[in-house]
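The values are calculated or read from the model by the stated rules, or taken from the named source; none is laboratory data. A quick note: this is a predicted structure, and the numbers were derived from the prediction, not measured. For neighbour counting, all protein chains shown are included, and Cβ atoms are generated from backbone atoms with ideal geometry for every residue, glycine included. Calculation scope for accessible area: heavy atoms of the full protein, side chains included, ligands and nucleic acids excluded. Shrake-Rupley method; radii C 1.70, N 1.55, O 1.52, S 1.80 Å.
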Amino acid sequence: MLKKTLLFLLLNFAALGLGSLVTKNGVASEWYQQLNKAPWTPPGYLFGIAWSVIMICFAVYIAKIITSKTSVRFAIILYIFQWILNTSWNYVFFYYHLDVIGLFVIVSLTLVIFTFLIKYYKLIQFYSLWIAPYLIWLLIATSLNAYIVFMN
């Protein structure tokens, strides 16, 4: 399981790196700074910390599913879909400033992560806690994106 965890750590952090490359100035950009943001928006530095913890936990979670050798193909398809959605949100939201499409992307990503939880809970039980930070953070991030859509 260690090799699989390390592989998914590499893939997860590659997604974060790619997402970071396409954000331009991201949170520091003039466009983002001028938006009316939710009062519960965390400080910028917290995003990097949160995503790092989330990707570590998710690597353990997905490695456990793959190691179980049950529904591996479906898990890999879901993982790829998650990877694409995760990296594309930054591009859509920060690069193109398409907050409505960004909301669609992040809602889709949240549904994919929720599907992981529901589909594999019986298989890996306690290990399902490893996906909880991802799902909780996505619910927060979705609310932040929705606030921007509806309040700007």
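Taking the stretch 24-152 as the region of interest, the number of lysine pairs whose Cα atoms are within less than 23 Å, with members eight or more places apart or on different chains, is 5.
Peptide packing: for 28-40, 89-101, the average count of neighbouring Cβ atoms within 10 Å per residue gives the ranking 89-101, 28-40, highest mean first.
Were the residues from residue 76 through residue 10 laid out at 0.36 nm apart, the gain over their Cα-Cα distance would be 22.2 nm. For the stretch 1-138, with all protein chains in place and a probe radius of 1.4 Å, 72% of the accessible heavy-atom surface sits on carbon or sulfur.
Per the Debye calculation on the chain with a single equal scatterer at every Cα and no solvent contribution, log₁₀ I(q)/I(0) for q = 0.13, 0.15 Å⁻¹ amounts to -0.58, -0.76. Applying 1/(1 + (r/R0)^6) with R0 = 30 Å to the Cβ-Cβ distance of residue 31 and residue 84 gives a FRET efficiency near 0.80. Scaled against 2.2 N^0.38 Å for its residue count N, the alpha carbon radius of gyration of the stretch 15-75 is 1.57. As a length-normalised measure over Cα pairs under 8 Å and 6 or more apart, the relative contact order of the chain settles at 35 percent. For the chain, a simple Cβ point-charge model (Lys and Arg +1, Asp and Glu -1, everything else neutral) yields a dipole of about 660 debye relative to the Cα centre. If R0 is taken as 22 Å, the Cβ-Cβ distance between residue 126 and residue 3 corresponds to a FRET efficiency of 0.55.
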